[in-house]
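First up is the structure itself, then whatever we jot down about it.
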Amino acid sequence: MDTLIDAIRRREARCGIIGLGYVGLPLALEFARAGFRTTGIDVDAKKVDAILAGRSYIVDVDDAEIAEQVGAGRLTATTDFGAIEGLETVNICVPTPLRKTKDPDLTFVVSAVNEISRHLRRGQLVILESTTYPGTTEEVVQPALEASGLEVGRDFCLAFSPERIDPGNARYNTRNIPKVVGGVTPHCTEVAKTLYEQCVEKVVPVSSPRVAEMVKLLENTFRSVNIGLVNEIALMSHALGIDVWEVIEAAKTKPFGFMAFYPGPGLGGHCIPIDPFYLSWKAKMNGFEPRFIELAGHINEGMPRFVVEKVTDALNGQQKSVRGSRIHVLGVAYKPGVNDIRESPALNVMRLLHDKGALLSYSDPYIPAIREEGIELDSLPLQNGYLGDVECVVILTNHREFDYPYVARTARLVVDTRNALSGIGGDNIVRL
Ligand SMILES: NC(=O)c1ccc[n+]([C@@H]2O[C@H](COP(=O)([O-])OP(=O)(O)OC[C@H]3O[C@@H](n4cnc5c(N)ncnc54)[C@H](O)[C@@H]3O)[C@@H](O)[C@H]2O)c1
(Lines give C-alpha, C1' and ligand atoms only; values in the text may rest on other atoms or scores of the structure.)
Protein backbone atom coordinates (compact mmCIF):
# COMPACT_ATOMS: atom_id res chain seq x y z
CA MET A 1 0.00 0.00 0.00
CA ASP A 2 2.96 2.33 0.59
CA THR A 3 3.69 1.83 -3.10
CA LEU A 4 0.29 3.40 -3.81
CA ILE A 5 1.10 6.46 -1.66
CA ASP A 6 4.39 6.85 -3.56
CA ALA A 7 2.64 6.46 -6.92
CA ILE A 8 0.09 9.11 -5.89
CA ARG A 9 2.82 11.54 -4.74
CA ARG A 10 4.67 11.06 -8.02
CA ARG A 11 1.32 11.55 -9.85
CA GLU A 12 1.88 8.21 -11.49
CA ALA A 13 -1.26 6.61 -10.08
CA ARG A 14 -4.03 6.31 -12.65
CA CYS A 15 -7.27 7.78 -11.34
CA GLY A 16 -10.82 6.81 -12.19
CA ILE A 17 -14.14 8.54 -11.56
CA ILE A 18 -17.38 6.59 -11.79
CA GLY A 19 -20.31 8.90 -12.58
CA LEU A 20 -19.50 12.03 -14.59
CA GLY A 21 -22.23 14.42 -13.45
CA TYR A 22 -22.16 17.71 -11.53
CA VAL A 23 -19.77 16.13 -9.00
CA GLY A 24 -17.74 13.64 -11.03
CA LEU A 25 -16.79 15.77 -14.03
CA PRO A 26 -15.25 18.69 -12.04
CA LEU A 27 -13.40 16.15 -9.86
CA ALA A 28 -12.06 14.30 -12.92
CA LEU A 29 -10.81 17.63 -14.27
CA GLU A 30 -9.04 18.45 -10.99
CA PHE A 31 -7.22 15.10 -11.03
CA ALA A 32 -6.26 15.59 -14.68
CA ARG A 33 -5.06 19.16 -14.02
CA ALA A 34 -2.92 17.84 -11.15
CA GLY A 35 -1.18 15.63 -13.71
CA PHE A 36 -2.92 12.28 -13.10
CA ARG A 37 -3.97 10.18 -16.07
CA THR A 38 -7.70 10.16 -15.36
CA THR A 39 -10.47 7.98 -16.73
CA GLY A 40 -14.13 8.86 -16.33
CA ILE A 41 -16.57 5.96 -16.45
CA ASP A 42 -20.28 6.57 -16.98
CA VAL A 43 -23.22 4.46 -18.11
CA ASP A 44 -24.40 7.44 -20.19
CA ALA A 45 -22.67 7.17 -23.58
CA LYS A 46 -23.73 10.74 -24.46
CA LYS A 47 -21.66 12.17 -21.59
CA VAL A 48 -18.69 10.01 -22.54
CA ASP A 49 -18.93 11.13 -26.18
CA ALA A 50 -19.22 14.79 -25.11
CA ILE A 51 -16.05 14.56 -23.01
CA LEU A 52 -14.10 12.81 -25.74
CA ALA A 53 -15.24 15.57 -28.13
CA GLY A 54 -14.15 18.27 -25.63
CA ARG A 55 -17.71 19.38 -24.90
CA SER A 56 -19.07 20.29 -21.48
CA TYR A 57 -22.65 19.71 -20.29
CA ILE A 58 -22.17 21.41 -16.90
CA VAL A 59 -22.39 25.18 -16.30
CA ASP A 60 -19.27 25.47 -14.14
CA VAL A 61 -17.07 23.64 -16.66
CA ASP A 62 -15.95 25.19 -19.96
CA ASP A 63 -15.53 23.19 -23.17
CA ALA A 64 -11.93 24.45 -23.38
CA GLU A 65 -11.04 22.99 -19.96
CA ILE A 66 -12.16 19.53 -21.05
CA ALA A 67 -10.61 19.82 -24.51
CA GLU A 68 -7.27 20.86 -22.95
CA GLN A 69 -7.08 17.81 -20.65
CA VAL A 70 -8.39 15.37 -23.28
CA GLY A 71 -5.95 16.82 -25.83
CA ALA A 72 -3.04 16.46 -23.39
CA GLY A 73 -3.93 12.78 -22.90
CA ARG A 74 -4.65 13.27 -19.20
CA LEU A 75 -8.43 12.82 -19.40
CA THR A 76 -10.42 10.16 -21.16
CA ALA A 77 -13.88 8.68 -20.73
CA THR A 78 -15.53 5.34 -21.36
CA THR A 79 -18.64 3.27 -20.68
CA ASP A 80 -16.46 0.17 -20.20
CA PHE A 81 -16.02 -0.81 -16.54
CA GLY A 82 -13.15 -3.08 -17.58
CA ALA A 83 -11.06 0.13 -17.44
CA ILE A 84 -11.09 -0.21 -13.63
CA GLU A 85 -8.43 -2.92 -13.86
CA GLY A 86 -5.94 -0.36 -15.16
CA LEU A 87 -6.59 2.15 -12.36
CA GLU A 88 -5.02 2.68 -8.94
CA THR A 89 -7.79 4.87 -7.50
CA VAL A 90 -11.55 4.90 -8.08
CA ASN A 91 -13.93 7.63 -6.87
CA ILE A 92 -17.65 6.86 -6.96
CA CYS A 93 -19.84 9.89 -7.78
CA VAL A 94 -23.16 8.33 -8.80
CA PRO A 95 -26.63 9.61 -7.79
CA THR A 96 -28.24 8.78 -4.45
CA PRO A 97 -31.92 9.68 -4.86
CA LEU A 98 -34.88 8.93 -2.61
CA ARG A 99 -37.66 6.49 -3.36
CA LYS A 100 -41.22 7.85 -3.41
CA THR A 101 -41.51 6.59 0.19
CA LYS A 102 -38.50 8.84 1.13
CA ASP A 103 -36.31 5.77 1.72
CA PRO A 104 -32.72 5.86 0.36
CA ASP A 105 -32.31 4.45 -3.14
CA LEU A 106 -28.79 3.02 -3.30
CA THR A 107 -29.36 1.24 -6.63
CA PHE A 108 -26.74 3.35 -8.45
CA VAL A 109 -24.13 2.96 -5.70
CA VAL A 110 -24.69 -0.80 -5.48
CA SER A 111 -24.48 -1.20 -9.23
CA ALA A 112 -21.24 0.84 -9.44
CA VAL A 113 -19.70 -1.04 -6.49
CA ASN A 114 -20.59 -4.43 -8.00
CA GLU A 115 -18.79 -3.36 -11.18
CA ILE A 116 -15.73 -2.32 -9.16
CA SER A 117 -15.80 -5.60 -7.23
CA ARG A 118 -15.69 -7.54 -10.50
CA HIS A 119 -12.50 -5.71 -11.52
CA LEU A 120 -10.92 -5.00 -8.11
CA ARG A 121 -7.27 -5.88 -7.66
CA ARG A 122 -4.66 -5.61 -4.89
CA GLY A 123 -3.28 -2.14 -4.16
CA GLN A 124 -6.31 -0.12 -5.27
CA LEU A 125 -8.03 2.71 -3.40
CA VAL A 126 -11.83 3.08 -3.61
CA ILE A 127 -13.55 6.24 -2.34
CA LEU A 128 -17.31 6.78 -2.14
CA GLU A 129 -18.27 10.44 -2.66
CA SER A 130 -22.03 10.10 -3.17
CA THR A 131 -24.01 11.58 -0.29
CA THR A 132 -25.50 8.79 1.81
CA TYR A 133 -26.51 7.69 5.32
CA PRO A 134 -23.88 6.96 7.99
CA GLY A 135 -22.79 3.34 7.70
CA THR A 136 -23.11 2.93 3.91
CA THR A 137 -19.36 2.59 3.26
CA GLU A 138 -18.83 -0.11 5.86
CA GLU A 139 -22.22 -1.84 5.69
CA VAL A 140 -22.90 -1.78 1.93
CA VAL A 141 -19.73 -0.95 -0.03
CA GLN A 142 -17.16 -2.90 2.00
CA PRO A 143 -18.99 -6.30 1.93
CA ALA A 144 -19.66 -5.94 -1.81
CA LEU A 145 -15.97 -5.22 -2.50
CA GLU A 146 -14.80 -7.98 -0.16
CA ALA A 147 -16.99 -10.43 -2.09
CA SER A 148 -14.11 -10.27 -4.58
CA GLY A 149 -12.03 -12.25 -2.04
CA LEU A 150 -9.83 -9.23 -1.25
CA GLU A 151 -9.76 -7.69 2.23
CA VAL A 152 -10.05 -4.00 3.07
CA GLY A 153 -6.98 -2.52 4.80
CA ARG A 154 -4.83 -5.48 3.75
CA ASP A 155 -5.43 -5.78 -0.02
CA PHE A 156 -7.23 -2.54 -0.92
CA CYS A 157 -8.17 0.76 0.70
CA LEU A 158 -11.68 2.12 1.18
CA ALA A 159 -12.80 5.56 2.36
CA PHE A 160 -15.72 7.96 2.28
CA SER A 161 -15.25 11.60 1.32
CA PRO A 162 -18.35 13.76 0.94
CA GLU A 163 -18.56 16.03 -2.08
CA ARG A 164 -19.42 19.58 -1.02
CA ILE A 165 -19.47 21.29 -4.41
CA ASP A 166 -21.95 24.13 -4.92
CA PRO A 167 -22.80 24.35 -8.64
CA GLY A 168 -22.99 27.95 -9.86
CA ASN A 169 -20.76 29.23 -7.02
CA ALA A 170 -18.10 31.44 -8.61
CA ARG A 171 -15.95 31.58 -5.45
CA TYR A 172 -15.81 28.01 -4.18
CA ASN A 173 -15.04 24.98 -6.34
CA THR A 174 -13.69 21.44 -6.05
CA ARG A 175 -10.18 22.79 -5.49
CA ASN A 176 -10.74 25.29 -2.70
CA ILE A 177 -13.51 23.58 -0.71
CA PRO A 178 -11.84 21.60 2.12
CA LYS A 179 -12.24 17.84 1.67
CA VAL A 180 -13.30 15.67 4.62
CA VAL A 181 -11.97 12.09 4.46
CA GLY A 182 -12.66 9.06 6.65
CA GLY A 183 -11.09 5.67 5.84
CA VAL A 184 -12.10 2.23 7.10
CA THR A 185 -8.60 1.91 8.64
CA PRO A 186 -6.14 4.70 9.55
CA HIS A 187 -4.04 3.63 6.58
CA CYS A 188 -7.04 3.92 4.22
CA THR A 189 -7.52 7.49 5.51
CA GLU A 190 -3.86 8.24 4.91
CA VAL A 191 -3.90 6.98 1.32
CA ALA A 192 -7.15 8.82 0.48
CA LYS A 193 -5.84 11.99 2.16
CA THR A 194 -2.65 11.79 0.08
CA LEU A 195 -4.70 11.52 -3.11
CA TYR A 196 -6.81 14.61 -2.40
CA GLU A 197 -3.79 16.60 -1.21
CA GLN A 198 -2.50 16.52 -4.76
CA CYS A 199 -5.42 18.58 -6.08
CA VAL A 200 -7.43 20.05 -3.18
CA GLU A 201 -6.12 22.91 -1.04
CA LYS A 202 -7.12 21.47 2.35
CA VAL A 203 -7.90 17.92 3.46
CA VAL A 204 -9.62 17.23 6.79
CA PRO A 205 -9.15 13.64 7.99
CA VAL A 206 -11.74 12.18 10.39
CA SER A 207 -11.73 8.94 12.34
CA SER A 208 -14.09 6.81 10.23
CA PRO A 209 -16.25 6.71 7.11
CA ARG A 210 -19.40 7.06 9.23
CA VAL A 211 -18.15 10.34 10.72
CA ALA A 212 -17.42 11.62 7.19
CA GLU A 213 -20.87 10.46 6.03
CA MET A 214 -22.50 12.24 9.00
CA VAL A 215 -20.54 15.47 8.36
CA LYS A 216 -22.22 15.89 4.98
CA LEU A 217 -25.66 15.15 6.42
CA LEU A 218 -25.16 17.63 9.26
CA GLU A 219 -24.22 20.33 6.71
CA ASN A 220 -27.25 19.72 4.52
CA THR A 221 -29.65 19.18 7.39
CA PHE A 222 -28.43 22.50 8.83
CA ARG A 223 -29.46 24.20 5.58
CA SER A 224 -32.78 22.39 5.28
CA VAL A 225 -33.76 23.18 8.88
CA ASN A 226 -32.72 26.84 8.68
CA ILE A 227 -34.55 27.30 5.39
CA GLY A 228 -37.57 25.60 6.98
CA LEU A 229 -37.32 28.01 9.90
CA VAL A 230 -37.13 31.11 7.75
CA ASN A 231 -39.96 29.84 5.56
CA GLU A 232 -42.08 29.44 8.67
CA ILE A 233 -41.08 32.95 9.78
CA ALA A 234 -42.22 34.15 6.33
CA LEU A 235 -45.61 32.45 6.75
CA MET A 236 -45.88 33.92 10.27
CA SER A 237 -44.90 37.40 9.05
CA HIS A 238 -47.55 37.15 6.35
CA ALA A 239 -50.17 36.36 9.00
CA LEU A 240 -48.91 39.27 11.13
CA GLY A 241 -48.71 41.75 8.25
CA ILE A 242 -44.91 42.13 8.56
CA ASP A 243 -42.44 42.31 5.64
CA VAL A 244 -40.15 39.30 6.27
CA TRP A 245 -37.45 40.65 3.93
CA GLU A 246 -37.14 43.84 5.91
CA VAL A 247 -36.87 41.75 9.10
CA ILE A 248 -34.04 39.61 7.67
CA GLU A 249 -32.11 42.60 6.32
CA ALA A 250 -32.18 44.23 9.76
CA ALA A 251 -31.45 40.97 11.66
CA LYS A 252 -28.36 40.27 9.61
CA THR A 253 -26.71 43.49 10.76
CA LYS A 254 -25.97 41.61 14.01
CA PRO A 255 -22.28 40.80 13.67
CA PHE A 256 -22.41 37.49 15.58
CA GLY A 257 -24.84 34.69 16.39
CA PHE A 258 -27.05 35.13 13.33
CA MET A 259 -26.78 33.76 9.83
CA ALA A 260 -29.21 34.97 7.17
CA PHE A 261 -31.35 32.40 5.36
CA TYR A 262 -34.03 33.48 2.92
CA PRO A 263 -37.56 32.26 2.30
CA GLY A 264 -38.58 31.03 -1.11
CA PRO A 265 -40.95 28.82 -3.08
CA GLY A 266 -39.46 25.63 -1.59
CA LEU A 267 -36.34 23.50 -1.78
CA GLY A 268 -34.80 22.18 -4.95
CA GLY A 269 -31.80 20.41 -6.36
CA HIS A 270 -30.29 17.05 -5.71
CA CYS A 271 -29.12 17.68 -2.14
CA ILE A 272 -31.03 19.76 0.39
CA PRO A 273 -34.52 18.28 -0.20
CA ILE A 274 -33.12 14.73 -0.26
CA ASP A 275 -30.06 14.22 1.92
CA PRO A 276 -31.66 14.89 5.35
CA PHE A 277 -34.08 12.04 4.67
CA TYR A 278 -31.13 9.66 4.30
CA LEU A 279 -30.23 10.56 7.87
CA SER A 280 -33.81 10.43 9.04
CA TRP A 281 -34.22 6.92 7.56
CA LYS A 282 -31.06 5.63 9.23
CA ALA A 283 -32.01 7.19 12.58
CA LYS A 284 -35.44 5.51 12.44
CA MET A 285 -33.83 2.18 11.58
CA ASN A 286 -31.98 2.57 14.88
CA GLY A 287 -35.06 3.45 16.90
CA PHE A 288 -34.49 7.21 16.95
CA GLU A 289 -37.32 9.47 15.80
CA PRO A 290 -35.82 12.64 14.24
CA ARG A 291 -38.11 15.66 14.49
CA PHE A 292 -36.31 18.70 12.99
CA ILE A 293 -35.74 16.98 9.63
CA GLU A 294 -39.35 15.91 9.23
CA LEU A 295 -40.72 19.28 10.38
CA ALA A 296 -38.43 21.30 8.08
CA GLY A 297 -39.34 18.97 5.19
CA HIS A 298 -43.02 19.49 5.93
CA ILE A 299 -42.74 23.29 5.94
CA ASN A 300 -40.46 23.49 2.89
CA GLU A 301 -42.67 21.13 0.88
CA GLY A 302 -45.68 23.32 1.68
CA MET A 303 -44.12 26.48 0.18
CA PRO A 304 -45.23 25.90 -3.45
CA ARG A 305 -48.84 25.80 -2.19
CA PHE A 306 -48.26 29.09 -0.33
CA VAL A 307 -46.92 30.70 -3.52
CA VAL A 308 -50.01 29.55 -5.41
CA GLU A 309 -52.17 31.00 -2.64
CA LYS A 310 -50.34 34.33 -3.07
CA VAL A 311 -50.94 34.26 -6.84
CA THR A 312 -54.61 33.34 -6.33
CA ASP A 313 -55.12 36.18 -3.81
CA ALA A 314 -53.27 38.68 -6.01
CA LEU A 315 -55.42 37.81 -9.03
CA ASN A 316 -58.51 37.85 -6.83
CA GLY A 317 -57.62 41.40 -5.84
CA GLN A 318 -57.97 42.27 -9.53
CA GLN A 319 -61.28 40.40 -9.86
CA LYS A 320 -59.63 37.58 -11.77
CA SER A 321 -59.38 33.85 -11.26
CA VAL A 322 -56.40 31.57 -11.78
CA ARG A 323 -58.49 29.57 -14.26
CA GLY A 324 -58.03 31.10 -17.67
CA SER A 325 -55.33 33.56 -16.54
CA ARG A 326 -52.04 33.66 -18.42
CA ILE A 327 -49.32 33.22 -15.81
CA HIS A 328 -45.68 33.61 -16.73
CA VAL A 329 -43.01 32.06 -14.51
CA LEU A 330 -39.59 33.72 -14.32
CA GLY A 331 -36.87 31.21 -13.48
CA VAL A 332 -37.49 27.49 -13.10
CA ALA A 333 -33.98 26.18 -12.26
CA TYR A 334 -33.75 25.22 -8.60
CA LYS A 335 -31.33 28.09 -7.93
CA PRO A 336 -29.76 31.04 -9.77
CA GLY A 337 -27.10 30.37 -12.37
CA VAL A 338 -27.56 26.59 -12.81
CA ASN A 339 -29.06 24.49 -15.61
CA ASP A 340 -30.54 22.03 -13.11
CA ILE A 341 -34.28 21.62 -12.64
CA ARG A 342 -34.16 18.46 -10.50
CA GLU A 343 -36.57 18.70 -7.56
CA SER A 344 -37.12 22.38 -8.42
CA PRO A 345 -40.09 23.83 -6.52
CA ALA A 346 -40.99 25.61 -9.79
CA LEU A 347 -42.28 22.29 -11.08
CA ASN A 348 -44.67 21.97 -8.14
CA VAL A 349 -45.80 25.60 -8.39
CA MET A 350 -46.44 25.16 -12.12
CA ARG A 351 -48.30 21.85 -11.65
CA LEU A 352 -50.55 23.41 -9.01
CA LEU A 353 -51.28 26.44 -11.21
CA HIS A 354 -51.87 24.19 -14.23
CA ASP A 355 -54.31 22.05 -12.21
CA LYS A 356 -56.23 25.22 -11.31
CA GLY A 357 -56.58 26.03 -15.01
CA ALA A 358 -53.83 28.66 -15.49
CA LEU A 359 -52.34 29.08 -18.96
CA LEU A 360 -48.62 28.81 -18.28
CA SER A 361 -45.48 30.09 -19.97
CA TYR A 362 -41.97 30.62 -18.62
CA SER A 363 -38.54 32.14 -19.19
CA ASP A 364 -35.27 30.66 -18.01
CA PRO A 365 -31.99 31.22 -19.87
CA TYR A 366 -30.59 28.01 -18.33
CA ILE A 367 -33.56 25.68 -18.99
CA PRO A 368 -34.56 25.82 -22.67
CA ALA A 369 -37.43 23.36 -22.31
CA ILE A 370 -39.43 21.51 -19.65
CA ARG A 371 -40.62 18.02 -20.48
CA GLU A 372 -42.15 16.84 -17.24
CA GLU A 373 -45.39 15.02 -16.59
CA GLY A 374 -48.14 17.62 -17.04
CA ILE A 375 -45.76 20.43 -18.13
CA GLU A 376 -44.38 20.57 -21.65
CA LEU A 377 -43.17 24.08 -22.41
CA ASP A 378 -40.30 25.87 -24.14
CA SER A 379 -38.62 28.86 -22.52
CA LEU A 380 -39.63 32.21 -24.04
CA PRO A 381 -37.20 35.11 -24.38
CA LEU A 382 -38.10 37.76 -21.84
CA GLN A 383 -37.89 40.84 -24.01
CA ASN A 384 -40.50 40.17 -26.66
CA GLY A 385 -43.23 42.34 -25.27
CA TYR A 386 -45.75 39.74 -24.11
CA LEU A 387 -45.14 40.35 -20.39
CA GLY A 388 -47.64 43.21 -20.59
CA ASP A 389 -50.26 40.78 -21.93
CA VAL A 390 -50.11 38.15 -19.20
CA GLU A 391 -52.28 38.45 -16.08
CA CYS A 392 -49.46 37.60 -13.66
CA VAL A 393 -45.69 37.07 -13.57
CA VAL A 394 -44.29 34.85 -10.79
CA ILE A 395 -40.58 35.16 -9.96
CA LEU A 396 -39.28 31.82 -8.68
CA THR A 397 -35.53 31.91 -9.43
CA ASN A 398 -33.63 35.20 -9.41
CA HIS A 399 -31.22 34.61 -12.26
CA ARG A 400 -29.11 37.72 -12.67
CA GLU A 401 -29.73 37.61 -16.43
CA PHE A 402 -33.29 38.86 -15.93
CA ASP A 403 -33.96 42.57 -16.44
CA TYR A 404 -36.00 43.12 -13.27
CA PRO A 405 -36.72 46.85 -13.72
CA TYR A 406 -38.18 45.92 -17.13
CA VAL A 407 -40.33 43.23 -15.48
CA ALA A 408 -41.58 45.67 -12.84
CA ARG A 409 -42.35 48.28 -15.51
CA THR A 410 -44.06 45.98 -17.97
CA ALA A 411 -45.97 43.34 -16.02
CA ARG A 412 -49.48 44.07 -14.80
CA LEU A 413 -49.02 41.97 -11.66
CA VAL A 414 -45.86 40.37 -10.22
CA VAL A 415 -45.64 37.85 -7.37
CA ASP A 416 -42.01 37.99 -6.28
CA THR A 417 -40.95 35.01 -4.14
CA ARG A 418 -37.24 35.92 -4.24
CA ASN A 419 -37.07 39.59 -3.33
CA ALA A 420 -35.66 40.11 -6.82
CA LEU A 421 -37.57 43.38 -7.12
CA SER A 422 -36.23 44.73 -3.82
CA GLY A 423 -35.81 48.47 -4.10
CA ILE A 424 -38.26 48.57 -7.02
CA GLY A 425 -41.59 49.77 -5.72
CA GLY A 426 -44.97 49.50 -7.41
CA ASP A 427 -48.61 48.67 -6.76
CA ASN A 428 -48.29 45.77 -9.17
CA ILE A 429 -45.71 43.93 -6.98
CA VAL A 430 -46.65 41.36 -4.33
CA ARG A 431 -43.86 39.88 -2.17
CA LEU A 432 -43.70 36.52 -0.41
N1 LIG B 1 -24.96 18.20 -7.58
C2 LIG B 1 -24.51 18.69 -6.43
O3 LIG B 1 -24.52 19.89 -6.20
C4 LIG B 1 -23.94 17.76 -5.38
C5 LIG B 1 -23.16 18.32 -4.35
C6 LIG B 1 -22.63 17.51 -3.38
C7 LIG B 1 -22.91 16.14 -3.42
N8 LIG B 1 -23.68 15.61 -4.40
C9 LIG B 1 -23.90 14.16 -4.39
O10 LIG B 1 -23.02 13.57 -5.35
C11 LIG B 1 -23.63 12.45 -5.97
C12 LIG B 1 -23.69 12.66 -7.47
O13 LIG B 1 -24.50 13.78 -7.75
P14 LIG B 1 -24.50 14.54 -9.14
O15 LIG B 1 -25.27 15.79 -8.94
O16 LIG B 1 -23.12 14.60 -9.69
O17 LIG B 1 -25.37 13.52 -10.01
P18 LIG B 1 -25.54 13.53 -11.60
O19 LIG B 1 -26.86 12.89 -11.87
O20 LIG B 1 -25.23 14.88 -12.15
O21 LIG B 1 -24.38 12.56 -12.10
C22 LIG B 1 -24.32 11.22 -11.81
C23 LIG B 1 -23.73 10.49 -12.99
O24 LIG B 1 -23.61 9.12 -12.63
C25 LIG B 1 -23.92 8.34 -13.78
N26 LIG B 1 -24.26 6.99 -13.31
C27 LIG B 1 -25.40 6.54 -12.75
N28 LIG B 1 -25.26 5.24 -12.42
C29 LIG B 1 -24.02 4.87 -12.78
C30 LIG B 1 -23.29 3.67 -12.69
N31 LIG B 1 -23.82 2.58 -12.13
N32 LIG B 1 -22.05 3.64 -13.18
C33 LIG B 1 -21.49 4.74 -13.74
N34 LIG B 1 -22.13 5.91 -13.84
C35 LIG B 1 -23.37 5.97 -13.36
C36 LIG B 1 -25.04 9.10 -14.44
O37 LIG B 1 -25.16 8.74 -15.81
C38 LIG B 1 -24.58 10.54 -14.25
O39 LIG B 1 -23.78 10.98 -15.32
C40 LIG B 1 -25.00 12.32 -5.30
O41 LIG B 1 -24.89 11.44 -4.22
C42 LIG B 1 -25.28 13.71 -4.80
O43 LIG B 1 -26.18 13.72 -3.71
C44 LIG B 1 -24.18 16.39 -5.40
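Adding -39500 (n - 2.57) for every DSSP H run of four residues or longer, then dividing by how many residues the chain holds, sets the calculated 222 nm ellipticity at -11500 deg cm²/dmol. The listed residues Trp245, Trp281, once ranked by accessible area (1.4 Å probe) with the largest placed first, stand as Trp281, Trp245.
Of Gly241, Val393, Ile177, which is farthest on the positive side of the dipole of the chain, counting Cα position, with +1 on Lys and Arg Cβ, -1 on Asp and Glu Cβ, and the Cα centre as origin? Sorting the options by dipole projection puts first Gly241.
When every Cα-Cα distance of the range 80-155 is counted in 5 angstrom steps from zero, the calculated P(r) takes the values 3, 16, 28, 25, 15, 8, 4, 1 percent. Shape analysis of the range 177-306 based on the Cα gyration tensor places the equivalent ellipsoid semi-axes at 35, 19, 11 Å, largest first. Annotation: amide H of Arg37 within the under-5 Å range of Cys15, sequence separation 5 or more or interchain, hydrogens built in the peptide plane.
Mean sequence separation of contacting Cα pairs (under 8 Å, at least six apart), scaled by the length of the chain, corresponds to a relative contact order of 11 percent. Just checking the listed ones, Glu289, Glu163, Glu197: in the Gaussian network model of the chain with Cα springs under 10 Å, the one fluctuating most is Glu289. Rounded, prolate or oblate for the range 287-360? Axes are the square roots of the Cα gyration tensor eigenvalues, ordered a ≥ b ≥ c, and the cut-off for rounded is a/c under 1.5. Oblate, because a/c is 1.5 or more while a/b does not exceed b/c. If you look at the Cα atoms of the range 21-138, you get an Rg and a Dmax of 14.7, 46 Å. The distance linking the range 41-56 with the range 170-220 is 27 Å (Cα centroid to Cα centroid, whole angstrom). With the Kirkwood sum run over all distinct C-alpha pairs, the range 1-90 has a hydrodynamic radius of 12.9 Å. Per residue, the range 241-333 exposes an accessible area of 52 Å² to a 1.4 Å probe, with every protein chain left in place. Placing +1 on the Cβ of every Lys and Arg and -1 on the Cβ of every Asp and Glu, with nothing else charged, gives the range 1-108 a dipole about its Cα centre of roughly 120 debye. Which of Tyr196, Gly82, Ala50 sits closest to the plus end of the dipole of the chain, meaning its Cα is farthest towards the positive end, when Lys and Arg get +1 and Asp and Glu get -1 on the C-beta? Result: Tyr196, furthest along the dipole toward the positive end.
Of the beta bridges DSSP finds with both residues in the chain, what % are antiparallel, to the nearest 5? Around 15 percent antiparallel, to the nearest 5.
Residue-wise HN-Hα couplings along the range 2-19, as the Karplus relation 6.51 cos²θ - 1.76 cosθ + 1.60 with θ = phi - 60° gives them from phi, are 4, 4, 5, 4, 4, 4, 5, 4, 7, 6, 9, 5, 9, 9, x, 10, 9, x Hz; Gly and Pro carry x. Compared with the alpha-carbon gap, the fully stretched path from Ser111 to Asp2 is longer by 36.3 nm at 0.36 nm per residue. Above 21 Å lies some portion of the pair distances; for the range 94-213, what is it as a whole percent of all C-alpha pairs? The share of Cα pairs beyond 21 Å in the range 94-213 comes to 39 percent.
For the residues Lys284, Lys216, Lys193, a GNM of the chain with alpha-carbon springs under 10 Å puts the largest fluctuation on Lys284.
For Lys179, go through the lysines and keep the ones whose alpha-carbon is under 19 Å away, minus same-chain ones fewer than eight residues off. Cross-link targets: Lys193, Lys202, Lys216. Given their separation in residues at 0.36 nm each and the Cα-Cα distance between them, Asp62 and Leu380 gain 112.0 nm when the chain is fully extended. Expressed as a whole percent, the accessible surface of the chain that belongs to carbon and sulfur atoms is 52, based on a 1.4 Å probe. Cysteine residues of the chain whose Cβ has no partner cysteine Cβ closer than 4.7 Å: Cys15, Cys93, Cys199, Cys271, Cys392. Please label the shape of the range 290-432 as rounded, prolate or oblate, based on the square roots a ≥ b ≥ c of the eigenvalues of the alpha-carbon gyration tensor (a/c under 1.5 means rounded; beyond that, a/b larger than b/c means prolate, else oblate). Rounded shape, in that the Cα axes give a/c under 1.5. Note on Leu218 and Asn169: their simple-model spin labels are 1.7 nm apart, each label 7 Å out from Cα toward Cβ.
Look at where the Cα atoms of the range 4-29 and of the range 292-332 average out, and the two centres are 44 Å apart. For the chain, the longest principal axis of the alpha carbon atoms and the long axis of helix 292-316 meet at an angle near 30°.
In this rough spin-label picture, where each label sits 7 Å from Cα along the Cβ direction, the Arg14-Gln318 distance is 6.3 nm. Taking the Kirkwood radius as Rh and the Cα radius of gyration as Rg, the chain has a ratio of Rg/Rh equal to 1.01. Taken along the Cα-to-beta-carbon direction at a fixed 7 Å, the label points for His187 and Arg121 span 1.9 nm.
The values are calculated or read from the model by the stated rules, or taken from the named source; none is laboratory data. Computed from a predicted structure; not experimentally measured. Methodologically, a virtual Cβ is constructed for each residue, glycine included, from the backbone with ideal geometry; neighbour enumeration extends over all protein chains shown. Ligands, DNA and RNA are stripped out before the accessible areas are found, and what is left, the full protein with its side chains, is counted by its heavy atoms. Shrake-Rupley method; radii C 1.70, N 1.55, O 1.52, S 1.80 Å.
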